[in-house]
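**Student:** First, the structure itself, so that you have it in front of you.
The values are calculated or read from the model by the stated rules, or taken from the named source; none is laboratory data. Remember, it's a predicted structure, so these values are computed and weren't measured experimentally. No Cβ is skipped: glycine too gets one built from the backbone with ideal geometry, and neighbour counts run over all protein chains shown. Note: accessible area is taken over every heavy atom of the protein model, side chains too, but ligands, DNA and RNA are not part of it. Shrake-Rupley method; radii C 1.70, N 1.55, O 1.52, S 1.80 Å.
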Amino acid sequence: MKKPTLIILIFCCTVLLVGCSEERILERLSLPTLIGYDVNEENTEITTTAVIRQVSPEFESRIEIQSATAPTSKGTRIDTNLKTSRKLMAGQLRVILLSENLAKNGIEGALHTTMMNSEISTSVYLAVVEGDTKDLLEYQFPSIKDIGQHIFSLIDQNVDERLTVSSTVHEVSRDLYSPYKNTVIPIIKRQEESIMIKDVGLFHKGKLVGKLPSKDVFYILLARKDVEQGTLELLLPKDGFDIDDSKQELQIDKLPIAIDSLDSKRSIKIVNSDTPEFDLTIKADCRLLEIHRSVEISKMEDLKKIEEAVNKEIKKELERVIKYGQEVGSDVFGFGDYYFTHTRNPHITEEEWSEKFKNMKVNIKTDIRVLRNGVFE
């Protein structure tokens with residue numbers, strides 16, 4: 001085929017394809033950036049609250065909040081459309097909020113509805129709200145102009161800093177439909193005139209079964225995967241340290257310390273498949289960021305004492321977090337996935353693994369090294 005003929009053919013195909021696409025003019029659309037779902041006490045009706053961005057012909061945007069109640073989420077979208085002057089398009093959706101009551105009843109329905117909508121990206125964040133999402137979104141925060149963008153940025157930057165877990169639609173649905181792993185989702189709440197990530201919610205079969213404070217997120221991450229960065233604050237016992245009493249303005253029972261993880265590696269091994277019993281090893285190279293000034297750290301043996309204390313504390317906290325997960329029956333750490341792929345019992349059911357998980361034994365070994373300590377070396 002001659003080159004001019006090929007160019008003409010490509011041009012004609014392009015014109016035809018463009019002509020078949022739906023015309024979407026920005027100034028004629030309403031763009032929800034955040035949607036919150038609440039359910040009533042009988043779990044028979046859904047209330048949807050949407051944060052909607054309207055763009056004017058001058059490319060100036062304004063934010064409006066619309067709420068509707070119906071038996072289905074599709075019904076609430078129809079009612080919301082009746083209240084807006086422009087067609088709703090969900091392509092700019094960034095966050096979906098679920099009320100705590102809905103999370104306790106089960107998130108599978110809301111997640112299924114989300115995944116059926118081809119307009120919505122699987123990179124949308126999911127989060128649980130302590131209380132009702134409608135109350136949070138309709139509250140007039142004096143310093144927040146666009147609450148949808150604010151909550152998205154709040155979650156996104158804390159995920160990057162390893163201060164909370166990543167909970168996109170893709171990640172949550174992957175864990176939700178896995179018979180051997182459970183999902184974990186951040187929990188946000190209104191704190192006076194601001195919004196904060198308070199806890200993380202642990203789920204079992206799509207239902208919220210427990211909570212851990214945000215300070216425990218780093219231990220969840222250490223137990224479930226390799227962590228490249230992140231900051232951790234610890235309170236170490238005073239025993240074994242050389243304390244300069246003249247530098248203690250206040251008598252303290254614990255020594256506060258802050259470290260950041262430069263590189264951590266998680267390895268897991270099955271010791272006994274019947275119990276089951278696992279060996280979990282965490283290796284990390286970290287930097288000492290902050291420690292109480294009454295502690296002497298000028299000598300290498302001083303740093304070794306800090307390393308020993310940090311290893312003991314991290315091991316103790318990991319044991320506590322994993323034990324809590326067993327108590328509420330939520331395997332957010334991935335022991336079930338590892339067990340399924342590394343044993344000769346590939347036909348174990350979800351119920352059988354749940355029983356094994358509650359009774360499993362985990363032998364934790366930590367190897368934390370302090371590479372350098374800021375301005376002191």
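**Student:** Using modelled amide H (1.01 Å from N, peptide plane; none on Pro or chain starts), what sits under 5 Å from the amide H of Val200, excluding residues fewer than 5 places away?
**Tutor:** HN-HN under 5 Å from Val200: Ile187, Leu212, Ser214.
**Student:** Restricting to Cα pairs below 8 Å that are 6+ residues apart, what does the relative contact order work out to for the chain? Please round to a whole percent. Provide the component values of the computation, followed by the final result.
**Tutor:** On the way: 706 pairs, mean separation 47.3, N = 377.
The value is 13 percent.
**Student:** When the accessible area of the chain is split by element with a 1.4 Å probe, what percent falls to carbon and sulfur?
**Tutor:** Details: 10320 of 20250 Å².
Accessible surface attributable to carbon and sulfur in the chain totals 51 percent.
**Student:** Starting from the Cα of Lys87, draw a straight line to each of the lysines and keep only those under 16 Å, dropping any in the same chain fewer than 8 residues away.
**Tutor:** Here the lysines satisfying the reach criterion relative to Lys87 are Lys74.
**Student:** Oh, and also: Enumerate the aspartates and glutamates that Lys145 could reach by cross-link, defined here as Cα to Cα under 12 Å, with residues fewer than 8 away along the same chain left out.
**Tutor:** Result set, ordered by chain and number: Glu64.
**Student:** Considering only DSSP states other than H, G, I, E and B, which GluC sites (Glu not before Pro) in the stretch 84-128 qualify as loop sites with at most 15 other Cβ atoms within 10 Å? Could you put the intermediate results ahead of the total?
**Tutor:** On the way: sites: Glu100, Glu108, Glu119; in loops: Glu119.
Of the GluC sites (Glu not before Pro), the ones in loops of the stretch 84-128 whose Cβ has at most 15 other Cβ atoms within 10 Å are Glu119.
**Student:** Please name which of Thr72, Val55, Gln149 has its Cα lying farthest along the dipole of the stretch 27-214 towards the positive end, using unit charges on Cβ (Lys, Arg +1; Asp, Glu -1) and the Cα centre as origin.
**Tutor:** Thr72
**Student:** Each residue of the stretch 41-49 in turn: what ³J(HN,Hα) in whole Hz from Karplus with 6.51, -1.76, 1.60 and θ = phi - 60°, glycine and Pro shown as x?
**Tutor:** Per-residue couplings from phi come out as 4, 7, 6, 10, 10, 10, 10, 9, 10 Hz.
**Student:** Still on this model: Checking the table Lys265/Lys312; Lys205/Lys361; Lys254/Lys316; Lys205/Lys356; Lys316/Lys365 against a 20 Å threshold on Cα-Cα, which pairs fail?
**Tutor:** Lys205/Lys361, as the Cα separations exceed 20 Å there.
**Student:** Probe of 1.4 angstrom, ligands and nucleic acids ignored: what's the accessible area per residue over the stretch 27-214, in square angstrom? Let's see the in-between values first.
**Tutor:** On the way: 8660 Å² over 188 residues.
Spelled out: the 1.4 Å probe surface of the stretch 27-214, per residue, equals 46 Å².
**Student:** A further question on this structure: Select from the stretch 43-101 those trypsin sites (Lys or Arg not before Pro) which occupy a DSSP coil region and have at most 16 other Cβ atoms within 10 Å, ordered by residue number.
**Tutor:** On the way: sites: Arg53, Arg62, Lys74, Arg77, Lys83, Arg86, Lys87, Arg94; in loops: Lys83, Arg86, Arg94.
In loop regions of the stretch 43-101 (DSSP not H, G, I, E or B), the sparsely surrounded trypsin sites (Lys or Arg not before Pro) are Lys83, Arg86.
**Student:** Cα gyration tensor of the stretch 27-214, axes a ≥ b ≥ c as square roots of the eigenvalues: rounded (a/c below 1.5), prolate (a/b > b/c) or oblate? Before the final figure, lay out the partial values.
**Tutor:** On the way: a/c = 1.58, a/b = 1.32, b/c = 1.20.
It is prolate, given that a/c is not under 1.5 and a/b is the larger ratio.
**Student:** For the chain, take the longest principal axis of its alpha carbons; what is the angle in degrees between that and the long axis of helix 147-160, to the nearest 10 within 0 to 90?
**Tutor:** 40 degrees
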